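Engineer: Following this message is one structure expressed as structure tokens.
The values are calculated or read from the model by the stated rules, or taken from the named source; none is laboratory data. All values derive from a computational prediction rather than experimental measurement. Don't worry about glycine lacking a Cβ; one is built from the backbone with ideal geometry, like all the others, and counts go over all protein chains shown. To get the accessible areas, we keep the full protein, side chains included, count just its heavy atoms, and leave off ligands, DNA and RNA. Shrake-Rupley method; radii C 1.70, N 1.55, O 1.52, S 1.80 Å.
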Amino acid sequence: MFKGMKASNVIAALFLLLIASLGNAQTGSFPDRSVTIVVPFPPGGGTDAGARLIAQKLSTLWGQSVIIENKAGAAGMLGSDYVSRSKPDGYTLLIGNIGTFSINPSLYKKMPYDPDKAFVPISMIAELPYFLLVTPSMKPNNVKELIAFVKANPGVTFASSGSGSGPHLAGEMFKKATGLDMMHVPYKGGGPAAADVMAGHVNMYFSTVLESIGSVKTGKLKALGASSLVRSPAMPDLPTIAESGIPGFDAASWIGIAAPAGTPPALVDKIAADIKTVVSEQDTRQTLIQQGATPMPLTPTAFKARIESDRQRYAKVIKDGNVQVD
């Protein structure tokens, strides 16, 4: 095999073969014990629901326990920091959302880890569009009517689950795209925000489909549009905001999995391939859709590109809107 090669080239070739064999050994036996997926938020939200579904499916595929560990706090940074300091062997993973990976680096001047160096993206799992919701008693029944209503009625308010949250930034993007003047009213969580919109104390709110679809179907909230570029499969008859006169409007969140920096590329690729396998299963897709998510597994390279493009986009939204955390 090495006949005629220089000694230095032979050594280099042997080194590459050794690295490849080590990578194959790592991926071939992975996992041989339980894997922990850290969710940096409390139980019950969209990220947590998606994490538990994927953990169950991976456990079946791998024949090993996949444990969900909620480490909430500091807008997702507490759990993220924990994973960033974990051994990069694939046995401790982080499932986060657009806030964790793309928004926080522009929102917080100081973070306990370097967001550009702490993690290696593995795979996006699903996109989580928001519904643009209004109080049922409001006259507008679509986005165009809402824009006209706000222009004719100064003082319209929009709620959010907190300053700097995805719903807040979606509202800021909507203001910028339409030129509307609306006042932001932050709440400590999506539940209180939705409750005050239902009661008519605040006029409108961008909410995840998971949190709001039940209230929309029972008439407690009125949905005017979906914030993603494609319609939500959970409510396919609802037009997107982009279809409703604001071309290109895209404020969807998403969930995805990352590993500590230094995790071997071969192992990253294996986990990504396995995630694609379980997300592509019909029952997994159906469950995600019922949760208000659009299944969208991405390769590590594509997921990294999505993180970076959204980070740049939201950095501009934060700067233009002078968005500051509480």
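Engineer: Please pick out the residue among Gly262, Gly256, Gly248 that is of a type outside the set (D, E, K, R) and over 27 Å from Asp48 (Cβ atoms).
Structural biologist: Details: Gly262 fails: over 27 Å from Asp48 (Cβ atoms); Gly256 fails: over 27 Å from Asp48 (Cβ atoms).
Just one listed residue meets the conditions, Gly248.
Engineer: Under the condition of being open to solvent by 10 Å² or more (accessible area, probe 1.4 Å) and touching a helix residue (DSSP H, G or I) at 6+ places or on another chain (Cβ under 6 Å), which residue from the range 145-163 is farthest from Ala251 (Cα to Cα)?
Structural biologist: Step by step, filter the range 145-163, then rank; the result is Ile147.
Engineer: Take the residues of the range 257-286 that are outside any helix (DSSP H, G or I) and among the polar types (S, T, N, Q): which is nearest to Gln56 (Cα to Cα)?
Structural biologist: Going through the qualifying residues, I end up with Ser280.
Engineer: Another question, if that's okay. What strands (runs of 3 or more DSSP E), lying completely within the range 116-199, carry at least 1 residues that are in contact with a Pro (Cβ under 9 Å, 6 or more places away or on another chain)?
Structural biologist: Result: 119-128, 130-134, 157-160.
A quick yes/no check of all residues on (1) buried (at least 24 other Cβ atoms within 10 Å of the Cβ); (2) part of a strand (DSSP E or B); (3) charged (D, E, K, R):
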| residue | (1), (2), (3) |
| --- | --- |
| Ser207 | yes, yes, no |
| Ile213 | no, no, no |
| Leu224 | no, yes, no |
| Ile255 | yes, yes, no |
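Engineer: For the structure I just gave you, tell me whether Ile95 is under 17 Å from Gly256 (Cβ atoms), open to solvent by less than 30 Å² (accessible area, probe 1.4 Å) and in a strand (DSSP E or B).
Structural biologist: The answer is yes for Ile95.
Engineer: Pick out the one residue from Gly73, Gly79, Gly63, Gly46 that is open to solvent by less than 20 Å² (accessible area, probe 1.4 Å) and either free of Cβ contacts under 8 Å to residues at least 12 places away in the same chain or not hydrophobic (A, V, I, L, M, F, W, C) (or both). First the steps, then the outcome.
Structural biologist: Values: Gly73 fails: open to solvent by less than 20 Å² (accessible area, probe 1.4 Å); Gly63 fails: open to solvent by less than 20 Å² (accessible area, probe 1.4 Å); Gly46 fails: open to solvent by less than 20 Å² (accessible area, probe 1.4 Å).
The conditions single out Gly79.
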